[in-house]
Amino acid sequence: MILQALKEYYDRKAADPESGIAPLGWERKEIPYLIVIDREGRLVNVEDTQEKIGKKFRARSFIVPQSVKRSGNVKPYFLWDNVEFATGVVCKNNEKMVGEYHRAFLWELENYASIPSVKAVLTFLSSSTMSNDLDRFPAWQHAKAACAFVAFRFVDSGGTIFNETSIKRIVDERAVHRQDNELEVVDLVTGEHQPLAVLHPAIKGVAGAKTT
């Protein structure tokens, strides 16, 4: 009963956009740079979300699709990632590896190419002048230097691409089907049969957890 009550409380808090709690399939992540495009996939700007807090700069935190544990494997995040995965621009690894990273990132998106929001991102990423266009913005130079995380924003939207209804639907559906091929067990909280979660997201501050 206590576990069920805690789950119900979590579900209520996750549904509240002011709570800061990420729903199933999402996580809160600091994204230092946003690539701003229009609905046709044309580059408009590169925004630096970092603000000076005390003596340090801190990137703005956003709700993004839950990351996956790479463990050396090529596993892109959905519609956000570091510069190399997201754009194919080399900033840390060799060109061959970065090409592999970026192809995996594109493959994830191409499954949803019929969705206008995703199509706009694919159009931007397929532009032959993308790299040169990005280089016009000082913020992009900083993003490359740090090989930082980037995400996308539409110029007519106040938030990230993840505020788009169609994108929210995709991410929610991916979360439901993410563990379809894993063992089902009885959930001690709900009493329902659920996929067994073999891997869990890393938690900052916990021994053995990834902190970067």
Legend entry - Environment charge of Ile170, counting only residues whose C-beta is closer than 11 Å and scoring Lys/Arg +1, Asp/Glu -1: -1
Inset, instruction - In nm, give the distance between the simple-model label positions of Arg58 and Thr129, each being 7 Å from the Cα along the Cα-to-Cβ direction. - result: 4.0
Inset, instruction - Keeping every protein chain in place, order Arg103, Arg153, Arg169, Arg174 by accessible area at 1.4 Å, biggest value first, i.e. largest first. - result: Arg103, Arg169, Arg174, Arg153
Legend entry - Pairs of alpha carbons in segment 86-170 whose separation is greater than 22 Å (percent): 29
Inset, instruction - Could you please state, rounded to a whole Å, how far the C-alpha centre of segment 15-92 is from the C-alpha centre of segment 111-148? - result: 13
Inset, instruction - DSSP loop (so not H, G, I, E, B), at most 10 other Cβ within 10 Å: list which trypsin sites (Lys or Arg not before Pro) in segment 29-89 pass both filters. - result: Lys55
Inset, instruction - Work out how much length Arg174 to Asn73 would gain on full extension: take 0.36 nm times their residue separation and subtract the Cα-Cα distance, in nm to one decimal. - result: 34.4 nm
Legend entry - Cβ-derived FRET efficiency at R0 22 Å, Arg136 paired with Ser157, nearest 0.05: 0.50
Legend entry - 20 Å Cα-Cα threshold exceeded, pairs from Lys29/Lys75; Lys75/Lys96; Lys69/Lys119; Lys29/Lys168; Lys55/Lys92: Lys69/Lys119; Lys55/Lys92
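The values are calculated or read from the model by the stated rules, or taken from the named source; none is laboratory data. In this text the structure is predicted, and so the values were computed from the model without any measurement. For neighbour counting, all protein chains shown are included, and Cβ atoms are generated from backbone atoms with ideal geometry for every residue, glycine included. Each accessible area value is taken on the protein alone, full model and side chains, heavy atoms only, with ligands, DNA and RNA left out. Shrake-Rupley method; radii C 1.70, N 1.55, O 1.52, S 1.80 Å.
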